[in-house]
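Q: Pasting a structure below so you can have a look.
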Amino acid sequence: MQRKRIGVFVCHCGLNIAGTIDVEKVVEEIKKYPGVVHAENYIYMCSDPGQALVRKAIQEKHLDGIVMSNCSPSLHQVTFRNLAKKMGLNPYSVEVANIREWSSWPHAHEPETATRKALTIIKGTIEKIRLNLELEPMVVPLTRKVTIVGAGVSGMQAALDIANSGYPVTLVERQPHIGGHAVQLSNLVLTMEKAQEALQNMLIEVVNHPNITLQAYSEIEDVEGYVGSFKVRIRNKARYVDWNKCDGCGKCTAVCPVTTYSDFDRGIKPRPAIYISYPGAYPGKPVIDSKTCLNLNGEKCDLCQQACPLDAIDFNQTSKVVENDCGAIVVASGYDLYDKKHLTEYQSDPDILDGLQFERLLVNSNGGTLHRPSDGKVPKEVVFIKCSGSRDPEHHFPYCSRICCMYTAKQAQLYKQKVPDGQAYIFYMDIRSTGKGYEEYVKAGIEEHHLLYLRGRVSKIYREGDKLKVLGADTLSDMMVQVDADLVVLAMAATGAEGSRELGKKLNIITDGFGFASEAHLKLGPLETLTAGIYLCGSASSPKDMPDSIYQGSGAASKVLSLFSRKELLHNPEIAHADPDVCAGCGLCESICAYHAPKVHPRLRVAIVNEALCEGCGACAGLCPSGAMQLNNASNKQLLNIISIAAKDYEEAF
């Protein structure tokens, strides 16, 4: 085999490298290294003049191996591999020797050590490139359909943007209605529009869009495949109502003898066992709660069946699983509120509500005066407590839930509109009004509605007669405060939606300890996950208000449309492969792989890697006891050669 003609190019990176490493010495030393036929340095190799030097050397010296000695490969490896491709070389004949992050920066005050280490890194990279294979990217099939998990405002926005671009969308929602928590709200912050009225056009467009298939009252069962070719199994939960027959007339709900807790109204008012989430819900079809329905629990009752003129009630209906092929998945699973029962210092009481309960109380007042749940009295003194469970790392959650400051300001203003002679007290730690118009909105509440903000925590709430005793502190006056309240509203922490961790496991994406999905990069990849082809939006990754959720829905849609715009989908060939002559079929690679790429063949008893799933992380190669599993262009022999160079230089240095 003919020895490669290798060129080494050392970048100054301004003073990032040259300020510590003696680049002239590095070039002179590396020229003497076996196989190197060209070496030079330049102030910025990534610049147009720098790239011109590389092109010229390739042409004149007939180089077929390039070592770029500069910054991290995550920054410019693609730049120089594309350059090589345009010059007729295989892109994988280019490797980056990272002498900035690995040498110059960590040894900023040790120039001799940095220079010696840079030489070692470059020599190791040369040894690696000698054995590099000329790989070709794998072409992956691309199914131009998308599955969106969650039909809140963010998921709906993503669905509409993609559907309006002409691609089919399957929108999966676990509730029997779409709209998420937004449709539970009374009014919107700033505009004070009725939430359901403001969202109605969006809801109608989603339900009626020809490119959107709505799978309401459904959940993700499992997911297989990879970017461009996912197979999603969706479980349609038993509704016990044939939605194809039902016209949503509501006659069945009117005759149901059962009353039970309403998840949508959060207990503010009950619902029957057969129900539509709220008047005007989309899709406006009822479902039967199997836990509370008399018929489904062995008792005689068929009143809803008798009342239905379309014979849509079906007590024998079961859940079913449907399969959906798609090329991308958008996770818009939203948030849930932390249960107020965890705040043990506050007594359990029907007049202590969380934020969504108060929203439903406002909605169900039907434009009239507000009445508290326990006895129907008009509350004259209402206490709002922000950061309930948030910003409390010792007992609950360390983070700010972000949405609470503004919805509390809105709720207090709405309370004053309904009870003009009432007084609203707001206990807070800080007021975080960072959106457009938000600061002015908070100040308007203080000036126009005389909202009283008290900076401090509430230590205890208990009932005494028909009053709730609220004991807190005002840190600005350095005084203890006691309020005899008629109603208390807790701005509870927002957490990842129920079932988000299980959903993460099915999608093979990471969720944090609070149930939120983890981004590929907090700053630079907020919409991507580490699993290619799966994107995030809205409160799936952290609490967000409505404008930000809609922004992210459109952002995630743009990521999908960018993916779908490609003629073909290429997959990096620097992935794992198993040598069948060496593999013992132990299955350790299968157990360690985060992407489920290797599988032991049941008959051949050797590991076979699904190349489209493999991301080349190397975990399987590191664990393989026989050495059968190796990475393309990072073989055991290449790694041992690199280690030999490092060990030799270490011995010479010491």
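Q: Starting from residues that are assigned to a strand (DSSP E or B) and either more than 15 Å from Tyr346 (Cβ to Cβ) or charged (D, E, K, R) (or both), keep the ones in region 474-492 and report whichever is most open to solvent (accessible area, probe 1.4 Å). Can you show your working first?
A: Taking region 474-492 first, the residues assigned to a strand (DSSP E or B) are 474, 479-485, 487-492.
Filter once more, so that each one left must be either more than 15 Å from Tyr346 (Cβ to Cβ) or charged (D, E, K, R) (or both): 474, 479-481, 484.
Working: Asp474: 26, Met479: 113, Met480: 144, Val481: 33, Asp484: 61 Å².
My answer is Met480.
Q: Also: Kindly provide the set of residues from region 224-239 that are within 22 Å of the chain's Cα centre (by Cα) and open to solvent by less than 30 Å² (accessible area, probe 1.4 Å), ordered by number.
A: Those that are within 22 Å of the chain's Cα centre (by Cα) and open to solvent by less than 30 Å² (accessible area, probe 1.4 Å): Val227, Gly228, Phe230, Val232, Ile234.
Q: Could you please let me know if Leu536 is in contact (Cβ under 8 Å) with a residue 60 or more places away in the chain, of a type outside the set (Asp, Glu) and surrounded by fewer than 22 Cβ atoms within 10 Å (Cβ to Cβ)? Before you say what the answer is, go through the steps one by one.
A: Values: in contact (Cβ under 8 Å) with a residue 60 or more places away in the chain: yes; of a type outside the set (Asp, Glu): yes; surrounded by fewer than 22 Cβ atoms within 10 Å (Cβ to Cβ): no.
Considered against the rule, which asks whether it is in contact (Cβ under 8 Å) with a residue 60 or more places away in the chain, of a type outside the set (Asp, Glu) and surrounded by fewer than 22 Cβ atoms within 10 Å (Cβ to Cβ), Leu536 comes out as no.
Q: How about region 285-352: which strands (runs of 3 or more DSSP E) wholly inside it have at least 1 residues that are charged (D, E, K, R), more than 30 Å from Gly228 (Cβ to Cβ) and touching a residue at least 24 places away in the same chain (Cβ under 8 Å)?
A: Details: elements: 320-326, 328-331, 335-337.
Passing ranges, in order: 335-337.
Q: Same structure again: Part of a helix (DSSP H, G or I) and farther than 23 Å from Ser500 by Cβ - does that describe any residue in region 234-251?
A: Our first condition is that a residue be part of a helix (DSSP H, G or I); within region 234-251, this holds for 251.
Checking which are farther than 23 Å from Ser500 by Cβ leaves us with 251.
Yes, there is a match, as at least one residue in region 234-251 is part of a helix (DSSP H, G or I) and farther than 23 Å from Ser500 by Cβ.
Q: Just one of Tyr261, Tyr275 is modelled with pLDDT of 95 or more and surrounded by fewer than 20 Cβ atoms within 10 Å (Cβ to Cβ); which is it? Lay out the reasoning, then the answer.
A: Details: Tyr275 fails: surrounded by fewer than 20 Cβ atoms within 10 Å (Cβ to Cβ).
Going through Tyr261, Tyr275 in turn, just one is modelled with pLDDT of 95 or more and surrounded by fewer than 20 Cβ atoms within 10 Å (Cβ to Cβ): Tyr261.
Q: What number of residues in region 89-128 are farther than 20 Å from Glu40 by Cα, polar (S, T, N, Q) and in a helix (DSSP H, G or I)?
A: 1
Q: Tally time: how many residues in region 409-435 are hydroxyl-bearing (Ser, Thr, Tyr) and more than 21 Å from Ser477 (Cβ to Cβ)?
A: Residues of region 409-435 hydroxyl-bearing (Ser, Thr, Tyr): 415, 425, 428, 433-434.
Remaining after also requiring more than 21 Å from Ser477 (Cβ to Cβ): 415, 433-434.
Residues in region 409-435 being hydroxyl-bearing (Ser, Thr, Tyr) and more than 21 Å from Ser477 (Cβ to Cβ): 3 in total.
Q: Find the residue count for region 418-433, including only residues that are of a type outside the set (D, E, K, R) and within 28 Å of Gly368 (Cα to Cα).
A: So the first thing to find is which residues in region 418-433 are of a type outside the set (D, E, K, R), and the list is 419-420, 422-429, 431, 433.
From the residues that got through so far, the ones that are within 28 Å of Gly368 (Cα to Cα) too are 419-420, 422-427.
Number satisfying all stated conditions: 8.
Q: For residues in region 449-473 being under 39 Å from the mean Cα position of the chain (by Cα) and without any contact (Cβ under 8 Å) to a residue 24 or more places away in the chain, which is surrounded by the fewest Cβ atoms within 10 Å (Cβ to Cβ)?
A: Out of the qualifying residues, it is Leu471.
Q: Just one of the numbered conditions (1) more than 30 Å from Glu568 (Cα to Cα); (2) open to solvent by less than 70 Å² (accessible area, probe 1.4 Å) is not true of Ala254; which one?
A: (2)
Q: State whether the residues of region 6-19 include one that is touching a residue at least 60 places away in the same chain (Cβ under 8 Å), open to solvent by 40 Å² or more (accessible area, probe 1.4 Å) and among the polar types (S, T, N, Q).
A: Here is the first cut: in region 6-19, the ones touching a residue at least 60 places away in the same chain (Cβ under 8 Å) are 6-11, 13, 16-17, 19.
If we keep only those that are open to solvent by 40 Å² or more (accessible area, probe 1.4 Å) too, we end up with 16, 19.
This time we only want the ones that are among the polar types (S, T, N, Q), so: 16.
Scanning region 6-19 turns up at least one residue that is touching a residue at least 60 places away in the same chain (Cβ under 8 Å), open to solvent by 40 Å² or more (accessible area, probe 1.4 Å) and among the polar types (S, T, N, Q).
Q: Listed residues Ala39, Ala84; which is buried (at least 17 other Cβ atoms within 10 Å of the Cβ), touching a Lys or Arg at 6+ places or on another chain (Cβ under 6 Å) and touching a residue at least 12 places away in the same chain (Cβ under 8 Å)?
A: On the way: Ala84 fails: touching a Lys or Arg at 6+ places or on another chain (Cβ under 6 Å).
After ruling out the rest, the residue left standing is Ala39.
Q: Sort through Lys410, Lys416, Lys443 and tell me the only one that's in a helix (DSSP H, G or I), over 22 Å from Val483 (Cβ atoms) and of a type outside the set (Gly, Ala, Ser).
A: Answer to the check: Lys443.
Q: Quickly run through region 203-218 and pick out the residues that are open to solvent by less than 30 Å² (accessible area, probe 1.4 Å) and in a helix (DSSP H, G or I). Full working, then the answer.
A: Start the filter on region 203-218 by keeping residues that are open to solvent by less than 30 Å² (accessible area, probe 1.4 Å), which leaves 203, 206, 209, 212, 216, 218.
Answer for region 203-218, where residues must be open to solvent by less than 30 Å² (accessible area, probe 1.4 Å) and in a helix (DSSP H, G or I): Leu203, Val206.
Q: Right, next: State yes or no: is His177 in a helix (DSSP H, G or I) and in contact with a Phe, Trp or Tyr (Cβ under 8 Å, 6 or more places away or on another chain)? So that I can check it myself, show each step before the final result.
A: Numbers: in a helix (DSSP H, G or I): no; in contact with a Phe, Trp or Tyr (Cβ under 8 Å, 6 or more places away or on another chain): yes.
It is false that His177 is in a helix (DSSP H, G or I) and in contact with a Phe, Trp or Tyr (Cβ under 8 Å, 6 or more places away or on another chain).
Q: So, one more: Which pairs have Cβ atoms under 6 Å, sit 6 or more apart or on different chains, and link a residue in region 111-135 that is over 20 Å from Asn82 (Cα atoms) to one that is among the hydroxyl-bearing types (Ser, Thr, Tyr)?
A: Pro111/Thr20; Ala114/Thr20; Ala114/Ser103; Ala114/Ser104; Lys117/Ser103; Ala118/Ser103; Ile122/Ser69
Q: Would you be able to say whether some residue in region 298-306 is loosely packed, with under 14 Cβ neighbours inside 10 Å and small (Gly, Ala, Ser)? Working first, answer last.
A: Of region 298-306, the ones loosely packed, with under 14 Cβ neighbours inside 10 Å are 298-300, 302, 306.
Those left that are additionally small (Gly, Ala, Ser): 298.
Checking region 298-306: at least one residue is loosely packed, with under 14 Cβ neighbours inside 10 Å and small (Gly, Ala, Ser).
Q: Shifting gears a bit: Looking at Gly150 and the list (1) open to solvent by less than 20 Å² (accessible area, probe 1.4 Å); (2) at negative phi, which single condition is not satisfied?
A: Failed condition: (2).
Q: Looking at Gln196, Gln184, which is the one that is in contact with a helix residue (DSSP H, G or I) (Cβ under 8 Å, 6 or more places away or on another chain), open to solvent by less than 40 Å² (accessible area, probe 1.4 Å) and within 30 Å of Cys405 (Cα to Cα)? Let's see the steps before the verdict.
A: Working: Gln196 fails: open to solvent by less than 40 Å² (accessible area, probe 1.4 Å).
Criteria check complete, one pass: Gln184.
Q: Here is a follow-up. Quick one: count up the residues across region 353-364 that are under 21 Å from Asp466 (Cα atoms) and assigned to a loop (DSSP other than H, G, I, E, B).
A: 0
The values are calculated or read from the model by the stated rules, or taken from the named source; none is laboratory data. Note that this is a predicted model, so its numbers are computed, not measured. Using ideal geometry, Cβ is built from the backbone for each residue, glycine included, and neighbour counts are taken over all protein chains shown. Side chains are part of the model used for accessible areas, which takes the heavy atoms of the whole protein and leaves out ligands, DNA and RNA. Shrake-Rupley method; radii C 1.70, N 1.55, O 1.52, S 1.80 Å.
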